[in-house]
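One structure below.
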Amino acid sequence: MNMDNILLDVKNLRAGIEGKEILKGVNLTVRPGEVHAIMGPNGAGKSTLSSVLAGDPSFIVTEGEVNFHGVNLLELAPENRSHEGLFLSFQYPVEIPGVSMVNFMRAALNAKRKYFNQEPLSASEFLKLMRQKREVVELDNKLASRSVNEGFSGGEKKRNEIFQMAVLEPRLSILDETDSGLDIDALRIVAGGVNKLKTSDNATIVITHYQRLLDYIKPDFVHVLYKGRIVRTGGPELALTLEERGYDWIKQEIDNK
Amino acid sequence: MSALSQYIEIFDSHRATIEAKSAEVMNLCRQDARNRLEGKRLPQKGTEGYEKTSIEDMFAPDFGVNINRVNIPVDVSLSFKCDVPNMSTIMAFVVNDSFVPSSTLHNKMPQGVIIDSLAKVATENPQLVSRYYNQLADNDNEAVALNTMLAQDGVMIYVPRGVVMERPIQLVNIFNSAAPLMGVRRLVIVVEEGAKAQLLICDHTQNSEYRYLSSQVIEAFVGQNASLDIYDIEESSDTTSRYSQLYARQERDSQLIVNGVTLTGGVTRNDYHIELVGDNCTSTLGGMAIGSGHQHIDNNSDVRHLSAHCNSNQLFKCVLDEESTGAFEGAIYVAPGAQFTEAYQSNRNLLASKSARMHTKPQLEIYNDDVKCSHGATTGQLDADALFYMRSRGIPEQEARTMLMQAFMVDVIDMVKMEGLRDRLRHLVEKRFYGQQASCADCGVTCRDPKKD
């Protein structure tokens with residue numbers, strides 16, 4: 001782990017939707033090679049944090065800074081955040097009837113290449129890349145010829161997210177409740193895909209309710225998000241404590257302050 | 001002076017010329033049409049059936065009518081590149097409102113098939129044409145009567161009993177003139193018992209310096225167990241308006257597909273009247289319109305189930321951007337006795353800008369218990385979740401919007417049965433959404449022979 005190099009630096013981030021503040025001063029530092037888990041009770045703001053980082057226009061940022069390897073992330077359009085290496089695996093991947101997976105991925109990949117002044121991939125290079133990356137999550141070729149997520153099962157949708165992550169090779173991946181709706185086999189495949197993609201240069205933020213996923217994707221840090229703030233940070237053991245004792249003791253501690 | 005009166009005046013003062021340059025069969029219908037127009041006006045906005053489109057305004061400019069049948073030198077057969085890749089068609093042209101054969105038209109024709117100038121066929125074979133000409137079109141409609149009063153030529157397509165045409169027929173309608181012009185276009189399509197034909201019509205404007213109006217009446221007769229597909233693609237200019245009225249009649253066990261595609265144009269109004277007069281017919285009616293700028297597109301359908309065990313399916317989709325406006329009014333009528341009818345209608349619209357407007361009015365009229373009918377209409381915006389999902393993967397917003405608009409049209413394109421045309425349409429729609437001149441194979445440049453330019 002490189003301690004000098006900061007990949008993501010979130011300072012006092014405040015954001016909300018329709019006038020309601022949800023994030024109330026989040027601080028978070030992520031370095032290359034690290035895996036961070038963000039846990040917390042329902043409504044704590046976990047998904048809001050991932051949406052705000054990815055640039056979902058329905059959320060308004062009211063205060064704070066986000067530095068992403070030297071770039072002011074909050075100033076970038078969602079597509080440019082992606083090009084700069086941010087990837088969000090959606091809790092609920094969106095179905096897009098009429099847009100084929102192939103066209104979708106080609107558009108995404110070539111937009112990124114254009115951003116870095118590279119020529120678009122040739123058809124054969126592109127198909128070869130798709131084939132290689134599909135193997136990471138054992139995604140069926142048949143799914144690749146269908147419309148984006150349309151008619152995919154819950155497990156297939158999540159595998160498709162990790163497939164896209166494999167293609168785009170992000171520097172920071174945020175996995176928003178990737179384990180929700182997955183049976184144990186699908187979970188193993190998805191987590192296996194994430195682990196295969198892990199290098200010393202990239203980092204992962206895993207947002208989850210349960211310890212279960214963290215058995216497969218080992219975190220270096222575990223954070224508890226509650227009422228829009230990170231209220232506790234620890235090592236992997238914190239996740240085990242939460243699994244055993246729930247969130248109530250942390251809630252009480254914070255609420256009594 | 002109403003718009004109509006200027007055309008009545010042309011007829012009254014030039015009747016002899018009009019008739020001399022046409023055919024007896026067509027001339028015989030003129031006086032009746034003229035009489036029906038006495039004291040009438042063309043429908044204005046707000047008239048029943050014309051709530052959002054003024055036909056009066058459409059016809060009001062001082063359009064000329066080519067009553068002397070002056071040839072406009074358009075070298076279509078040499079230079080026109082409106083071919084559909086991977087699809088060999090039997091091609092003919094209608095320049096303004098005159099029939100122009102392609103150089104290879106006649107040697108490609110299957111035995112007994114006629115694809116020719118309506119006036120010519122009506123002169124050579126009046127018994128055949130009089131059996132069909134002006135038999136379906138409703139001359140109580142002022143725009144139809146106006147067309148009947150002035151029409152001098154057009155196209156006759158006749159596919160005799162049992163002939164299955166392997167190659168599609170392609171008609172290319174072209175406007176090109178040195179003054180504002182109304183094209184009085186008339187099509188008669190006859191597909192006899194057990195015969196099969198596919199027709200592709202493309203509308204183009206070559207010289208958009210002037211304003212044009214296409215007044216088009218199509219009469220289509222689909223015989224017992226016959227099959228007819230009509231794909232009608234409008235790719236004209238914003239100086240070109242169009243009022244196209246299709247009247248089709250289906251005999252028992254027949255199949256009809258009509259798919260109208262509006263890519264570019266000025267003001268467009270399409271009427272589709274389909275009568276299912278025999279049992280066990282299948283009728284598929286699709287429409288797709290893409291509007292931008294100040295385009296206005298109005299589709300109007302009327303599917304009449306007059307017999308039992310028929311199935312009809314209508315799907316009209318519209319994407320409107322910028323200041324464009326659209327309208328859809330669709331009716332399903334199920335007559336007493338038309339039992340076991342299945343009739344569906346769907347109109348779905350996407351508004352891509354704040355100022356685009358859509359008006360939709362679906363109607364069902366059912367006089368029978370034993371039917372399955374449904375209709376639905378929606379008008380909405382692009383799916384914000386899908387848009388963000390695509391952007392989060394790096395697809396720029398404008399491109400993501402374009403991809404979503406294109407995706408919205410996929411099911412109408414899938415109604416097309418000709419594979420080559422489906423691919424072509426996907427390409428044309430893509431080009432259209434990317435804001436490029438959506439002309440067939442870049443024909444905006446190559447319509448005229450480059451050597452002559």
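Each value in this text was obtained by applying a stated rule to the coordinates, not by laboratory testing. Note that the coordinates shown come from a computational prediction; the quantities given were computed from them, not determined experimentally. Using ideal geometry, Cβ is built from the backbone for each residue, glycine included, and neighbour counts are taken over all protein chains shown.
Round to a whole angstrom and tell me the spacing of the C-alpha centers of region A:24-58 and region A:73-147.
What the calculation gives is 23 Å, centre to centre.
Compute the long axis of helix A:101-115 from its Cα atoms, compare it with the longest principal axis of the Cα atoms of chain A, and write down the angle in degrees, 0 to 90, nearest 10.
Compared with the principal axis, the helix lies near 80 degrees.
Kindly work out what percent of the DSSP beta bridges joining two residues of the protein assembly as shown are antiparallel, to the nearest 5. Mind dumping the intermediate values first?
Working: 33 of 188 bridges.
Bridges in the protein assembly as shown that DSSP calls antiparallel: roughly 20 percent.
In whole Hz and in residue order, list the ³J(HN,Hα) couplings for region B:171-185 that follow from phi through the Karplus curve 6.51 cos²θ - 1.76 cosθ + 1.60, θ = phi - 60°; x for Gly and Pro.
Here the 3J(HN,Hα) series is 10, 10, 8, 10, 9, 7, 7, 9, 7, x, 8, 9, x, 9, 9 Hz.
Hey, can you list the DSSP H helices of chain B whose Cα span along the axis is 27 Å or longer and whose average Kyte-Doolittle score is at least -0.5? Intermediate values should be presented prior to the final figure.
Values: long enough: none.
Long hydrophobic helices here: none detected.
How would you classify region A:96-217 from its alpha-carbon gyration tensor, with a ≥ b ≥ c the square roots of the eigenvalues: rounded for a/c under 1.5, else prolate if a/b is greater than b/c, otherwise oblate? Display every interim value, and only then the final one.
Values: a/c = 2.05, a/b = 1.38, b/c = 1.49.
In terms of gyration-tensor shape, oblate.
Hey, can you rank B:9-20, B:325-336 by average C-beta count inside 10 Å, highest first? Show your work: numbers first, answer last.
Numbers: B:9-20: 14.5, B:325-336: 21.6.
Packing proxy ranking, top to bottom: B:325-336, B:9-20.
Once the mean 1/r over all distinct Cα pairs of region A:8-256 is inverted, what Kirkwood radius in angstroms do you read off?
Working: mean 1/r = 0.0535 Å⁻¹.
Final number for the Kirkwood radius of region A:8-256 is 18.7 Å.
So how do B:211-220, B:361-370 stack up, highest first, on mean other-Cβ count within 10 Å? Please report the intermediate quantities before stating the final value.
Numbers: B:211-220: 24.8, B:361-370: 13.5.
Put in order of decreasing packing, that is B:211-220, B:361-370.
Let me check against my output: what whole-number percent is the relative contact order of region B:301-348, with C-alpha pairs under 8 Å and at least 6 apart? Walk me through the numbers before you get to the answer.
Details: 73 pairs, mean separation 28.4, N = 48.
Reported as a whole number, the value is 59 percent.
Quick check on region B:21-170: take the gyration tensor over C-alpha atoms, sort the square-rooted eigenvalues as a ≥ b ≥ c, and tell me if it's rounded (a/c under 1.5), prolate or oblate. If you can, show how the numbers build up before the last one.
Details: a/c = 1.87, a/b = 1.56, b/c = 1.19.
Prolate shape, in that a/c is at least 1.5 and a/b is the bigger ratio.
Near the amide H of B:ILE297, under 5 Å away, which other amide H atoms are found, from residues 5 or more places off or on another chain, if H is placed in the peptide plane?
B:THR268, B:THR325, B:GLY326, B:ALA327
Could you give each residue of region A:50-62 its phi-based ³J(HN,Hα) in whole Hz, using Karplus coefficients 6.51, -1.76, 1.60 with θ = phi - 60°, and x for Gly or Pro?
Calculated HN-Hα couplings, in order: 5, 5, 5, 5, 7, x, 4, x, 6, 9, 10, 8, 9 Hz.
Roughly what angle does helix A:184-197 make with the longest principal axis of chain A, taking Cα atoms, 0 to 90 degrees, to the nearest 10?
Compared with the principal axis, the helix lies near 80 degrees.
Please give the calculated 222 nm ellipticity per residue for chain B, where each DSSP H segment of at least 4 residues contributes -39500 (n - 2.57) and the sum is spread over every residue; nearest 500 deg cm²/dmol? Could you put the intermediate results ahead of the total?
Working: 13 runs with 106 residues, N = 453.
Counting only the DSSP helices, I get -6500 deg cm²/dmol.
Please list, in chain and number order, the residues 5+ apart from B:PHE175 or on another chain whose amide H is under 5 Å from its amide H, with Hs placed from the backbone.
It is B:ASN96, B:HIS204, B:THR205, B:GLN206, by chain and number.
Hey, can you grab everything whose amide H is under 5 Å from the amide H of B:GLU51? Only 5+ residues off in sequence or another chain; H modelled, so Pro and N-termini drop out.
B:GLY46
I want the antiparallel fraction of DSSP beta bridges within region A:8-256, as a percent rounded to 5. Mind showing how you got there, number by number?
On the way: 24 of 41 bridges.
Just about 60 percent of them are antiparallel.
Using only Cα atoms, find the angle between the long axis of helix A:123-136 and the longest principal axis of chain A, and express it within 0 to 90 degrees, rounded to the nearest 10.
In chain A, helix A:123-136 runs at an angle near 40 degrees to the longest axis.
Per residue of A:77-83, what is the mean number of Cβ atoms on other protein chains within 10 angstrom of that residue's Cβ? Write down the numbers at each step before the final one.
Working: counts 3, 12, 11, 3, 3, 6, 2.
If you average over the peptide's residues, the count of other-chain Cβ atoms is 6.
Using θ = phi - 60° and the Karplus curve 6.51 cos²θ - 1.76 cosθ + 1.60, what whole-Hz ³J(HN,Hα) does each residue of region A:76-87 get, with Gly and Pro shown as x?
Those phi angles translate into 8, 5, x, 5, 6, 4, 4, 4, 6, x, 9, 9 Hz.
Tell me whether the protein assembly as shown comes out rounded, prolate or oblate; compute the Cα gyration tensor, take square roots of the eigenvalues as a ≥ b ≥ c, and use a/c under 1.5 as the rounded threshold. Don't skip to the answer; put the middle values down first.
Working: a/c = 2.56, a/b = 2.44, b/c = 1.05.
The shape class here is prolate.
Can you give me the relative contact order of region A:8-256 as a percent, contacts being Cα pairs under 8 Å and 6 or more apart?
Details: 430 pairs, mean separation 70.9, N = 249.
Relative CO of region A:8-256 lands at 28 percent.
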